[in-house]
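Following: one structure in structure tokens, then a few remarks.
Bear in mind these aren't lab numbers, they're just calculated from the coordinates by the rules spelled out. None of the values given here were measured: they were computed from a predicted structure. For neighbour counting, all protein chains shown are included, and Cβ atoms are generated from backbone atoms with ideal geometry for every residue, glycine included.
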Amino acid sequence: MIELFKHILHLDFVWLFANYDTAIYIILFLVIFIETGLVAMPFLPGDSLLFTAGLFAASGELNLGALLGLLFLAAVLGDNCNYWIGRTIGLKIFNVKFRGNPIVKMKHLESTEVFFEKNGIKAIIMARFVPFVRTFAPFAAGIGKMNYRKYLMFDILGGFLWIFSLTLAGYMLGEVEWIRKHIDLVCLGIIFISVFPMILSFLKSKMGAKNA
């Protein structure tokens, strides 16, 4: 299990194909479900995994239609699981500890709440493209007891845009030789682009506090 986890974090699709063959679809489904559905697992690859999966679909090693359908389902089910965890358990989860350390950090929820304050209901859609916020947004919506019908509508739209845009981007760019040879660099670039808005917001808040 530890070996599998290590290769998932490194997006080692070659190893996954060699060891799991078609079961790779189940693994990809579970990674997206867990990253969006369990508030304690925000560090799993999301954006970069979708893009890389699209690259392998372009080479014919994965079926694009099955990939899009499964990952979209995983994203929606994961978010809804996270919403109901927040709605039923709420802040009590921050008291759960493993080896003396909290399994969920309050600072991530606080940054997500700031994200909601700035962007309103559209944050449900925008959060899909921001690591960590993506995991905590449905949890925060559940804690705040956001109207479920409204939440579900925006969540489905956000899930569709996130899964299809990044996976199809990988699929369409999959034949570009430079990208296939430099997947690691491309994934790092995707991660940087994803977290850049948070970095910018952090720097602005620091500058504002300094000026005050």
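Annotations
- Here r is the Cβ-Cβ distance between residue 101 and residue 15 and R0 is 25 Å; the resulting FRET efficiency, rounded to 0.05, is 0.25.
- For the stretch 84-152 versus the stretch 14-42, the spacing of their alpha-carbon centroids is 22 Å.
- For the stretch 159-175, backbone phi angles converted through the Karplus equation (6.51, -1.76, 1.60; θ = phi - 60°) give residue-by-residue couplings of x, 4, 5, 5, 5, 6, 5, 6, 5, 5, 4, x, 5, 6, 9, x, 8 Hz, Gly and Pro being listed as x.
- 5 angstrom amide H check on residue 104, placed H, neighbours 5+ away: none
- Global form of the stretch 115-164, assessed from the alpha-carbon gyration tensor, a/c cut-off 1.5: oblate
- Gyration tensor (alpha-carbon) shape descriptor, the stretch 1-79, a/c threshold 1.5: oblate
- Karplus-based coupling profile of the stretch 85-93, in residue order and whole Hz: 5, x, 6, 9, 9, x, 5, 4, 5, with θ = phi - 60° in 6.51 cos²θ - 1.76 cosθ + 1.60 and x standing for Gly or Pro.
- In plain terms, the residue of 88, 36, 167 with the fewest other Cβ atoms within 10 Å comes first and the most crowded comes last, giving 88, 167, 36.
- The phi-based Karplus calculation (6.51 cos²θ - 1.76 cosθ + 1.60; θ = phi - 60°) puts the 3J(HN,Hα) values of the stretch 54-67 at x, 4, 6, 5, 5, 8, x, 7, 10, 7, 4, x, 5, 4 Hz, whole numbers, x for Gly and Pro.
- D (Stokes-Einstein, µm²/s), Kirkwood Cα radius, the stretch 90-141, 1.567 mPa s at 4 °C: 113
- Lys pairs, the stretch 1-118 - Cα-Cα below 19 angstrom, 8 or more residues apart or on other chains: 5
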